[in-house]
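The structure appears right after this line, and notes come after that.
The values are calculated or read from the model by the stated rules, or taken from the named source; none is laboratory data. The structure presented is a predicted model; accordingly, all values stated were derived computationally and were not measured. Using ideal geometry, Cβ is built from the backbone for each residue, glycine included, and neighbour counts are taken over all protein chains shown. Protein only, heavy atoms only, side chains kept; ligands, DNA and RNA dropped before computing areas. Shrake-Rupley method; radii C 1.70, N 1.55, O 1.52, S 1.80 Å.
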Amino acid sequence: MAENGAPRIRLGMVGGGTGAFIGYVHRIAARLDDDYELVAGALSSRPDVAVESGKNLRLADDRIYTSYEEMAARESARKDGIEAVAIVTPNHMHYGPAKAFLEAGIHVICDKPLTSTLEDARALAAIKPKKGAKFLLTHNYTGYPLVRQARELVKSGALGKIRIVQVEYPQDWLTEPVSSKQADWRTDPKRSGAGGAIGDIGTHAYNLARFVTGLKLDALSADLTSFVKGRKLDDNVQISLRFQGGARGALWASQVAVGHENGLKLRVYGEKGSIEWVQANPNEMWFAEFGKPRQLLTRGGSIAGNVAPAMNVRIPSGHPEGYLEAFATLYSQFAEVIRGNGKPYAGLLPSLADGVEGMEFITAAVQSSKNDGKWTKLTDV
């Protein structure tokens, strides 16, 4: 039983076997609030690894699968079959499993980006899920309490009309040619899609800016670069943004920025005030009003009584919460959606529509860059 007395949701997983980073993160997130129990998995496209991984996770032998197709068919036919599935594969293997499980009436939790192509993303959005199956896209940075607080400040008008949005996500782990399980698929167009850094981390930056500000993008001008010789996909992204209503923005995402680990940072400036949040120190956020001293807002203490961001604060202010807790927030709130109690989270959980927009963003940026930075609208791709 979950801590709130509700039965744990029976969870399956596609991908995430031995040696997979993100599968491990998803499993932690699913269990942190005790809302899910992993009972089945097709954990690798390699049958031997799938079986070994399933045994390592103590799954019953008859719940270890060597293909997601078999898993969807058999689990949907069981009385005790999985109710939700986490898809944690490389990008090109998102569409097939997501389609199979939605059509089997099983809720889907999918890592980002939604798919490897815009065509697949739109096809997935056109599916009519069986039994009202729901979909969650794990843009996990939207789960941070102070990101929720930033969103509330913008919505309240505390910043006034938004003028400028600056978001960046620099890393340095691909500064040199590297071959590893994580690097190989991310730099392979066949598995990652047309975008490298823009698909891997640029979509996170874009989604964060959209989530906090609520602004809709009108057009972008992009410069995508592959600095490492022989690399087939971009490892550095610089994009100018024009939002509907007149706001302007800039997005920088890089995996060759020496000295940065995961430097996600958002700054939003309005007519009356501004906010600044850095993922490396997620429990603090600067808020400024014109003509007044800057205020340092803290997770927990500064948001007491503010329902939307406070509903995922687990421990008292001063005890840091971070990446895993933010990830777990999406899982726990999606659990309430599955149980039919998800009304308080409307608009807070990344959706299938957000995933399609993310793929439109990638596609438009790639097209713009190929056309020497030509201004491109998402509606044109």
Condition (residue is in contact (Cβ under 8 Å) with a residue 60 or more places away in the chain and in contact with a Gly (Cβ under 8 Å, 6 or more places away or on another chain)) applied to the stretch 55-71: is it met by at least one residue? no
State all residues of the stretch 333-381 that are assigned to a helix (DSSP H, G or I), within 15 Å of the chain's Cα centre (by Cα) and surrounded by 18 or more Cβ atoms within 10 Å (Cβ to Cβ); if no residue qualifies, say none. Gln333, Phe334, Leu352, Asp354, Gly355, Val356, Glu357, Gly358, Met359, Phe361, Ile362
Would you mind telling me which numbered condition in (1) open to solvent by less than 40 Å² (accessible area, probe 1.4 Å); (2) more than 18 Å from the chain's Cα centre (by Cα); (3) farther than 17 Å from Tyr141 by Cβ Gly195 fails? (2)
For Arg163, the lone unmet condition from (1) crowded, with 16+ Cβ neighbours inside 10 Å; (2) out of contact with any Gly (no Cβ under 7 Å at 6 or more places or on another chain); (3) of a type in the set (Lys, Arg) is (2)
Kindly check whether there is at least one residue in the stretch 337-345 that is out of contact with any His (no Cβ under 6 Å at 6 or more places or on another chain), modelled with pLDDT under 95 and polar (S, T, N, Q). yes
Out of all the residues in the stretch 94-103, is one or more assigned to a loop (DSSP other than H, G, I, E, B) and either at pLDDT 95 or above or under 25 Å from Gly17 (Cα atoms) (or both)? yes
Counting only residues that are farther than 16 Å from Ala84 by Cβ and not aliphatic (A, V, I, L, M), the stretch 338-352 contains a total of 3
